Structures are given as structure tokens and as C-alpha cells.
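The structure appears below as C-alpha cells.
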Amino acid sequence: MHSQDLLAADTGMGAVTLRVADLDSMVAYYRDGVGLAVITDAGGTVVLGRGTTPIVVLEHAPAMRHAAPHEAGLFHTAILFDTRADLAAALYSVATKYPRSFTGSADHLVSNAFYCSDPEGNGVELYWDRDRSEWSWTHGMVDMATIFVDPNAFVQEHLTQDALSLARSRPGRVGHVHLSVGDVATAKAFYVDRLGFATTAAMGDQALFVSAGGYHHHMAMNTWDSRGAGRRQQALGLGLVRIEVPGADDLGALVSRMHDTGVQTADDGRTVAFEDPWANRIEVTAPGRG
């Protein structure tokens with residue numbers, strides 16, 4: 001791909017919106033379990049994050065149904081911590097307050113990751129990145145693996161009292177968003193050929209990992225539970241994925257690419273919005289626009 005067909009190197013992910021049935025229990029999980037702070041709470045919408053950085057937006061939607069098994073949607077929201085101590089604090093908090101929500105762990109070579117599921121079944125990844133100088137690349141693809149990490153040993157080695165007591169004010173952000181989709185080829189055609197991410201890893205027709213600027217992945221799509229899924233109907237779960245590009249010119253280039261490839265967009269002067277092939281809503285913003 002030509003450079004003008006790619007998202008800017010400094011592109012990142014913004015807060016993920018979830019539609020939820022039980023707002024109080026979901027706020028408690030992300031606040032008391034994951035260790036996020038409530039940033040705003042108004043009109044049935046609660047924004048939680050670290051410091052002043054939004055990570056999860058919970059929208060109360062009690063009239064909506066739960067998604068059926070094997071539908072497309074969110075696989076997990078991945079929350080990136082700056083240090084292993086911060087990750088250990090979040091892991092310790094989840095393990096002590098919501099032990100049944102823990103689902104697994106992995107050393108991915110580029111990162112250490114721990115996985116859980118919130119009270120309404122939305123996947124959550126808590127992770128820390130190794131320095132980029134430690135990542136290995138082969139023919140343009142990043143080397144990743146899935147190696148078991150003992151969560152108890154990780155906490156014992158890395159947890160500090162400061163990280164635990166100051167958790168909500170310490171840095172953290174959405175590092176990547178992983179989706180469940182109907183097929184990988186269609187995902188690649190949309191997220192790489194149209195949206196402008198670069199492929200960084202692939203697992204045949206099962207999973208695709210994509211990024212901007214040489215990150216290991218800003219987004220991923222898999223068919224492990226959703227092969228053959230079509231467009232989503234309105235349901236609880238994923239409401240919105242946010243992507244943040246560095247400037248207005250980058251956003252303009254994205255809009256041009258989308259229009260040239262037949263993707264309909266809505267632009268309110270601040271945000272450009274569109275849907276992927278499974279009706280997952282994507283919004284892209286740039287600082288200072290609008």
C-alpha cells in the first residue's frame with residue numbers, strides 16, 4: 001500500500017462504548033474491579049477511565065436484548081497499562097473482587113496479558129507492552145505467541161502499594177480493540193484496504209491483526225465464535241469503537257479513502273462515523289477539529 005492509503009503513524013484507539021442492561025453492576029465492575037475512575041455520570045451514561053483519559057463508556061439500555069451466541073461484535077476491549085506494577089494492581093483488584101470473571105493469561109512476546117469477562121459477558125484484556133526494541137518482526141509481520149503466565153506469580157513479583165492505592169490516577173488507555181466477525185477476508189478488505197490499517201499478523205482464515213505506525217495491533221478480528229455471522233441487530237454489548245488520528249488532514253484523507261471505496265460516512269464537523277460490514281459503528285476523531 002502507498003503511504004497515503006495508510007492511517008497516520010500516531011493513530012490510536014479511543015474509549016469503547018458498551019450498551020448495558022444493569023448500569024450499576026457494570027460501573028461497579030469497571031470501577032472496583034478493573035480500577036477505573038468515574039469521569040462523568042449523567043443521563044444514564046457513565047464514562048470511566050484512568051486519570052482524565054476515557055476508557056469505557058457505559059450506556060444504560062435496559063430495553064435491549066442480549067446478543068445471541070455466535071453473533072458478530074466485541075471480543076474484548078484491551079486496556080493498556082504503562083507499567084507492570086499498574087497491570088499487577090488491576091489484576092489483583094479483579095482477582096480479589098471479581099475472581100470468577102478471570103478467564104486466562106498469556107505472554108504474547110510483545111506483551112503480558114490477562115483476560116476477564118465483565119458481568120454482561122463483554123471481554124476485557126488487561127495488558128502491558130514490552131518495549132518496541134524487544135519485538136521481533138519477520139517479513140513485515142510481528143512475532144506473537146500465546147504462552148501461559150502464572151497470574152499469582154505476576155502479582156507477587158510486580159505489585160506495589162503505590163500502584164494499588166493510586167490506581168485510578170495512574171496512566172492507562174485503550175490499547176486495542178478485538179472484534180468477533182463473520183470472516184477474515186471481508187475484515188481485511190474493510191480494515192486494511194479501506195480504512196487504512198496495515199496487517200501485522202494473521203492466523204489463516206481465523207484471525208487478523210492490524211495497526212498503524214508499526215504497533216503490534218490496534219485492532220484485531222477473529223471468527224473463533226462468530227464464523228459466518230452477518231450484520232448485527234441492535235443489542236446489548238458493543239455500541240461504538242473510537243479511533244483517534246493526529247490531525248484534520250489525516251481525517252480528511254481517511255474520508256477520501258472511504259468515499260473512493262464506496263463506504264458511506266457521516267460527518268458532523270467533529271467526528272466521522274461509519275459502519276463496518278457487521279454493523280459495528282466506528283467513529284474517528286482528530287484533535288482540534290470542529
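The values are calculated or read from the model by the stated rules, or taken from the named source; none is laboratory data. The structure displayed is predicted, hence computed values, not measured ones. Heads up, the Cβs are rebuilt from the backbone with ideal geometry, glycines too, and the neighbour counts pull from every protein chain shown. Ligands, DNA and RNA are excluded from the accessible area calculation, which covers all protein heavy atoms including side chains. Shrake-Rupley method; radii C 1.70, N 1.55, O 1.52, S 1.80 Å.
Entry comment: accessible area of segment 76-203 is 44 Å² per residue, from protein heavy atoms only and a probe of 1.4 Å. Across every pair of non-identical alpha carbons in segment 52-99, the mean reciprocal distance, once inverted, gives a Kirkwood radius of 14.0 Å.
Volume of the convex hull of segment 43-135 (Cα atoms only), normalised per residue: 135 Å³. The distance linking segment 247-290 with segment 16-75 is 24 Å (Cα centroid to Cα centroid, whole angstrom). In the chain, the C-alpha radius of gyration followed by the widest Cα-Cα span (Dmax) gives 18.2, 53 angstrom. If you wrap segment 129-226 in the convex hull of its Cα atoms and look at it from every side, the mean projected area works out to 8.4 nm². Say R0 is 41 Å: what FRET efficiency, to the nearest 0.05, do R227 and A9 get from their beta-carbon distance? After rounding, the FRET efficiency stands at 0.80.
Considering only the other residues whose Cβ falls under 12 Å of the Cβ of V57, what net charge follows from Lys and Arg at +1 and Asp and Glu at -1?
-1
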